[in-house]
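*Asks:* Pasting in a structure now, in structure tokens, and then I'll have a few things to ask.
The values are calculated or read from the model by the stated rules, or taken from the named source; none is laboratory data. All of these numbers come straight from a predicted model, not from anything done at the bench. When we count neighbours, we look across all protein chains shown, and the Cβ atoms used for this are built from the backbone with ideal geometry, even at glycine. Side chains are part of the model used for accessible areas, which takes the heavy atoms of the whole protein and leaves out ligands, DNA and RNA. Shrake-Rupley method; radii C 1.70, N 1.55, O 1.52, S 1.80 Å.
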Amino acid sequence: MKECAKTGGGTTALNVLSDSDLLSVQKPAQYLGNERNAVVKDDSAVRCRIALAFPDAYEVGMSHVGIQILYDIINKNEQAWAERVYMPLPDMEAILREKALPLCSLEAKRPLHEFDVVGFSLQYELCATNILGMLELGGISRYAADRGPEEPIIIGGGPYCYHPEPLAPFFDAFFLGDAEEFIPELLQAITLGKERGASRAALIAELRAMEGVYIPADFSPEHDSSGRLQSVSRIVGEKPQIVRRLLPTMEGAPFPKRPVVPNINTIHNRLSVEVMRGCVRGCRFCQAGYLYRPQRERSPEEIVEIIQEVLPETGFEEVSLLSLSTADYCSIVPLLKSLMDRYGEGDRLAISFPSTRVDALTPEVLEQVQRVRRTGFTVAPEGGTQRLRDVINKGVSDEQILETCTNVFRMGWNGIKLYFMLGLPTETDEDLQGIVDIAGRIRALPDARGKDITVSVSTLVPKPHTPFQWSEQISAQETIRRQRLLADGLRRIKVNFRYHDHFSSFLEGIFCRGGREIAPVIERAYELGCRLDAWKEHLDEEKWLRAFDDCGINPHHYLRERSVEEPLPWDHLSCGISKDYFAKEYQRALRDRPTPDCLTKSCSICGACDYNVAKNVLWPRHEAFQSAHDPQPVVEATPLPDITEQSPVARLRVTYRKLGAFRFLGHLETAHVIHRAARRAELPICFTLGFHPLPRIAFGPPLPLGIESTADYFDVHLSQWVAPEDFVERFNRELPQELRLGDAIPVGLNAPSLQESFRAMSYRLEWLSEPQGVFATHSSTEERIEAMLATEVTRAAKGGGRKGKGGRRKTEKRFSLRDYVADIRLLEAPQAPASAVEFTLLFDHTRACPNAVEVARAWSELAVGDYRLTKTDALFRSTDRPSALQADPEAVCTPA
């Protein structure tokens, strides 16, 4: 449902949903999900049903590779079925509540309360109110203690589970660690338990015995008379501490060979392959670096094999090599070279990886990454001065930063983004000025002339299970002061500045280091209407502060500095590294003393390894790899990648249909689906040149959202001849039923563009309920047509409009439908004023024209969801009309 709500962009998409569309979410038809590689099973053969719930929007959740891995593991089990569910955006949530419809999964449209297990992915702290929203919309009791025997077991997984006490009352269990080995045990326990009729309580008891499972009801926090935490004691069971579960090696670790490919654009809409898990660099602010130790690398051969198998099943045009610091992967240069040699020129496959350490970006790495597409470049110095970088154990010098930026610019990138943090322990205004100074030195580089330089800062949130877990977090007011100081300095040197919202950092700090007493605050904020708090446009500071006040909680208490002897709300949960080690590192930080990492130096004895099962698994450094700690040579200016231009040998004009759920895809998203289908079909399509090569496919005018079509078109340039019938057959094998090609006709390479070729479009408008508007006020057909043609359509200009003569801003466009609508035919029905109307809409690519939805609204005052609109034909100009695609070659379209 979420996907349907967002497919065309929020509220607009919802307006085209009829009651029958919404009710269809309760039917097991492939209606609203329908992505490639989504798994639909015979429900009668399934014994264990698990909902993989991501407490944020579809666009965010579908970007998370962990969900894809779990989805694949579960669905390989013939008796289990993993389905996906996401937090609906506010407009869709309002529709669900208005229609009294439950939140359902994408695959089987199953209400959330009908699953055996609902597993929430807890990737960040600002998802708390979304969890309550999904539980309520899914018909599940809010608190674990209130759930009945027929309700699902609610489990959380992900990094937030290492300090989940603010959420603890809402969950039956949490899982700490790598889930690849836990999931099969969970499936077996649920399946066998249901077969023998085990109760919900008995199933939870079985979870208690599994490694890495934390059941909040088994522990009780104890406070003194002032309310300060004294301990978290176990009241059920024996082990005083839950220790995370570790996957010893990435060799052969599960990875989906047929991941779900979203139809709509997502935040990270690409193939993400995990090349290694864990990082031993020891940045003292980085929670993930400690949670996922030791560093376990996947072999280069296995990575290449995964990409070889996945690309034909997905059609992705970009591969992200995913890890906490991919440039630290020991065989990164040979891996990149192998991938670019294999996929670079012919396939135009771009390779990217997340922001990485400055000192790991050697010229060899940069040379391979830039061979096809420069996808943007982000580096993370984190601190503005060498002293502060020693405090956080970053180990990066000013010289390395400048050398990396020089190399990036010389190799052709047009810009770079530098990521820093505010509020680091012992930070002073001098350290902040250091950010301005290093940005100014980058701006002054000879190769930086005309380049785009951006400094992005976020406020440090001292995370549990890091050396800074005892540190003070700066207040929202102090965050604003430091942001303004940076903004003023960076503005003077013409460097772009981006910063994180101060209140979201404030709230995150509370959820990070709070206990179970925060749960009522979360509930109260949810009742006040808080949702999607990780989104700046939805975060409501006033409501959150009211929630704290209503619950008698002082939020500033949680940002204070703590003594290393003070009990912490997560002391009973272990990431495998002792509290003593973190305390030692904290003291070293306060003395500006860095700690060498065990990747390049000696072991720091953090405790994450047992040197038997738990240990670093590193692949050999090949001769082509240069140590990140060796001096980086400044490279000479490098020309654009040596990719020859593909001269087209043919151009096809292709017609396609877009029906059913795919009418909710926007124009750009439809183009994206078709681009990826072409890649999967391995058709010889020409690409553009430049920084971002794209397939040379030109589409016709955008179809308004919610309209079906049996006559949409695109032109495609081919680098090799393919017979039109073969082209259509190969393409259709990669497309869903609702989005299929019809005919393909050769068109001259020098013929007018597709947009220039159209002169009109034909439509059929069918009413799903009794029409109003001109039908209610006029009785004869002639009067109704005349009333419609007399309508003047007003359209608001995008972006507030451009300035016209006299400096006045044009804020709207006006169209007289009489100048554009022709060949109107009302189809009479015996029991209604009219059941359908057919009309032709003139088109001129040189100017704005009214669209079919605007014409439909002129006919009737009903909501869009009360009628169905279909594009039935496209009329071409006589000089370049492909007759095989034209229903009536001799038709003359004359304005009414």
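*Asks:* Just one of the numbered conditions (1) under 27 Å from residue 37 (Cα atoms); (2) modelled with pLDDT under 95; (3) in contact with an Asp or Glu (Cβ under 9 Å, 6 or more places away or on another chain) is not true of residue 105; which one?
*Replies:* Only one criterion is unmet by residue 105, namely (2).
*Asks:* State which residue pairs qualify: first residue under 24 Å from residue 570 (Cα atoms) and basic (Lys, Arg) and inside segment 230-256, second residue open to solvent by 20 Å² or more (accessible area, probe 1.4 Å) and in a loop (DSSP other than H, G, I, E, B) in any location, beta carbons under 7 Å apart, and separation of 6 or more residues or different chains.
*Replies:* Between residues of segment 230-256 that are under 24 Å from residue 570 (Cα atoms) and basic (Lys, Arg) and residues that are open to solvent by 20 Å² or more (accessible area, probe 1.4 Å) and in a loop (DSSP other than H, G, I, E, B), the close pairs are 234/240; 244/576; 245/181; 245/211.
*Asks:* Could I ask something else about it? Go through (1) open to solvent by 60 Å² or more (accessible area, probe 1.4 Å); (2) touching a strand residue (DSSP E or B) at 6+ places or on another chain (Cβ under 9 Å); (3) within 16 Å of residue 245 (Cβ to Cβ) and name the single condition residue 194 misses.
*Replies:* Residue 194 satisfies every listed condition except (3).
*Asks:* May I pose another question? Could you count how many residues in segment 293-333 are hydroxyl-bearing (Ser, Thr, Tyr), in contact (Cβ under 8 Å) with a residue 60 or more places away in the chain and under 18 Å from residue 68 (Cβ atoms)?
*Replies:* 1
*Asks:* Could you check segment 801-826 and list, in sequence order, the residues that are modelled with pLDDT of 80 or more, open to solvent by 40 Å² or more (accessible area, probe 1.4 Å) and either part of a strand (DSSP E or B) or among the hydrophobic types (A, V, I, L, M, F, W, C) (or both)?
*Replies:* 813, 814, 816, 823, 825
*Asks:* Follow-up. Please work out which one of (1) modelled with pLDDT under 95; (2) under 27 Å from residue 585 (Cβ atoms); (3) not hydroxyl-bearing (Ser, Thr, Tyr) is the condition residue 245 fails and give its number.
*Replies:* The failed condition is (1).
*Asks:* While we're looking at this one, here's another question. Which of the residues spanning segment 203-216 are in contact with a strand residue (DSSP E or B) (Cβ under 9 Å, 6 or more places away or on another chain) and open to solvent by 30 Å² or more (accessible area, probe 1.4 Å)?
*Replies:* 208, 211
*Asks:* Please find, within segment 61-98, the residue that is farthest from residue 259 (Cα to Cα) out of those that are acidic (Asp, Glu) and surrounded by fewer than 18 Cβ atoms within 10 Å (Cβ to Cβ).
*Replies:* Out of the qualifying residues, it is 98.
*Asks:* Next up: Quick check: anything in segment 599-612 under 29 Å from residue 424 (Cβ atoms), out of contact with any Asp or Glu (no Cβ under 9 Å at 6 or more places or on another chain) and either assigned to a helix (DSSP H, G or I) or at pLDDT 95 or above (or both)?
*Replies:* no
Matching residues to (1) of a type in the set (Gly, Ala, Ser); (2) part of a helix (DSSP H, G or I); (3) touching a residue at least 12 places away in the same chain (Cβ under 8 Å):
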{"residue": "498", "(1), (2), (3)": "no, no, yes"}
{"residue": "503", "(1), (2), (3)": "no, yes, yes"}
{"residue": "506", "(1), (2), (3)": "no, yes, yes"}
{"residue": "519", "(1), (2), (3)": "yes, yes, yes"}
{"residue": "534", "(1), (2), (3)": "yes, no, yes"}
{"residue": "543", "(1), (2), (3)": "no, yes, yes"}
{"residue": "549", "(1), (2), (3)": "no, yes, no"}
{"residue": "553", "(1), (2), (3)": "no, no, yes"}
{"residue": "558", "(1), (2), (3)": "no, yes, yes"}
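*Asks:* Among the residues of segment 221-274, how many are open to solvent by 20 Å² or more (accessible area, probe 1.4 Å), among the β-branched types (Val, Ile, Thr) and out of contact with any helix residue (DSSP H, G or I) (no Cβ under 7 Å at 6 or more places or on another chain)?
*Replies:* Result for segment 221-274: 3.
*Asks:* Would you pick out the residues in segment 136-177 that are open to solvent by less than 10 Å² (accessible area, probe 1.4 Å) and under 22 Å from the mean Cα position of the chain (by Cα)?
*Replies:* 156, 160, 161
*Asks:* Only one of these conditions is not met by residue 479: (1) under 30 Å from residue 578 (Cα atoms); (2) hydroxyl-bearing (Ser, Thr, Tyr); (3) open to solvent by less than 10 Å² (accessible area, probe 1.4 Å). Which number is it?
*Replies:* Evaluating residue 479 over (1) under 30 Å from residue 578 (Cα atoms); (2) hydroxyl-bearing (Ser, Thr, Tyr); (3) open to solvent by less than 10 Å² (accessible area, probe 1.4 Å) leaves (1) as the failure.
*Asks:* Next up: Which number in (1) exposed (fewer than 14 other Cβ atoms within 10 Å of the Cβ); (2) under 24 Å from residue 221 (Cβ atoms); (3) among the charged types (D, E, K, R); (4) in contact (Cβ under 8 Å) with a residue 24 or more places away in the chain marks the one condition that residue 593 misses?
*Replies:* So residue 593 meets the others, but not (2).
*Asks:* If you don't mind, there's one more thing I want to ask. Suppose we filter segment 674-705 for residues that are over 25 Å from residue 752 (Cβ atoms), among the aliphatic types (A, V, I, L, M) and open to solvent by less than 20 Å² (accessible area, probe 1.4 Å); how many remain?
*Replies:* 2
*Asks:* In addition: Those residues that are in contact with a Cys (Cβ under 7 Å, 6 or more places away or on another chain) and assigned to a helix (DSSP H, G or I), I need them from segment 148-172; list them, please.
*Replies:* Matches in segment 148-172: 162 only.
*Asks:* Which residues, counting only those in segment 708-748, are of a type outside the set (S, T, N, Q), without any contact (Cβ under 8 Å) to a residue 40 or more places away in the chain and in a helix (DSSP H, G or I)?
*Replies:* Listed by number, the residues that qualify are 725, 726, 729.
*Asks:* If you scan segment 158-211, which residues turn out to be among the hydroxyl-bearing types (Ser, Thr, Tyr) and within 15 Å of residue 147 (Cβ to Cβ)?
*Replies:* The one that is among the hydroxyl-bearing types (Ser, Thr, Tyr) and within 15 Å of residue 147 (Cβ to Cβ): 199.
*Asks:* Same structure again: Restricting the search to segment 113-147, which residues are of a type outside the set (A, V, I, L, M), part of a loop (DSSP other than H, G, I, E, B) and in contact (Cβ under 8 Å) with a residue 12 or more places away in the chain?
*Replies:* 115, 116, 123, 124, 125, 127, 138, 139, 142, 143, 147
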